[in-house]
Amino acid sequence: MVNSSAAAQIVAESAMNAAGIVSEWGESRFLIKSEGSPDPVSYTYGKTTTYLDEDGKPVDVSVVKTGVPVTVYYTKVGDSMVVSRVVVRKGKLAPTQEIERKKTTTTETSTDR
């Protein structure tokens, strides 16, 4: 026999993670666009969400904004994905190329004999 309070209780699944680019940042939720998904996925966050860099050092929440690559650690609660930790990743920049430029000057001299 299942009582109504137990049936109403929301059961959380195990913690998961996802990586992508923040495509929208709101007051209590944000969207992440990942390479493998055609549409952004919505995540919720709150006062207990922590924000870290790739080295595990705390960063201010203001670092997380549209266009920033992140990995989120979340738990699915009902239909919501509740984020416990956001890791701000360094952007993958194209390697810079140094171009060596040489200027060659040719001088011709002729002597009339």
Any residue in the range 26-51 that is farther than 17 Å from residue 88 by Cα sitting within a Cβ distance under 8 Å of a residue that is surrounded by 11 or more Cβ atoms within 10 Å (Cβ to Cβ) and acidic (Asp, Glu)? List the pairs, counting only those 6 or more apart or interchain.
40/24
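Quick check on my filter: what residues within the range 27-45 are closer than 12 Å to residue 85 by Cβ and either assigned to a loop (DSSP other than H, G, I, E, B) or of a type in the set (Asp, Glu) (or both)?
Narrowing the range 27-45 to residues closer than 12 Å to residue 85 by Cβ: 43, 45.
Listed by number, the list holds a single entry, 45.
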What's the total number of residues in the range 57-81 that are more than 14 Å from the chain's Cα centre (by Cα) and free of Cβ contacts under 8 Å to residues at least 12 places away in the same chain?
4
Sort out which residues of the range 30-71 are polar (S, T, N, Q) and loosely packed, with under 14 Cβ neighbours inside 10 Å, and write them in order of number.
37, 48, 62, 66
Hits in the range 52-79 - residues which are part of a helix (DSSP H, G or I) and among the β-branched types (Val, Ile, Thr):
61, 63
Exactly one condition in (1) of a type in the set (Val, Ile, Thr); (2) in a strand (DSSP E or B); (3) closer than 15 Å to residue 22 by Cβ is not met by residue 82; state its number.
(3)
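Just so you know, all these numbers are worked out from the coordinates, no wet-lab data involved. What you are looking at is a predicted structure, and each value in this text was computed from that prediction instead of being measured. Ideal geometry is used to build each Cβ from the backbone, glycine not excepted, and the neighbour counts take in all protein chains shown.
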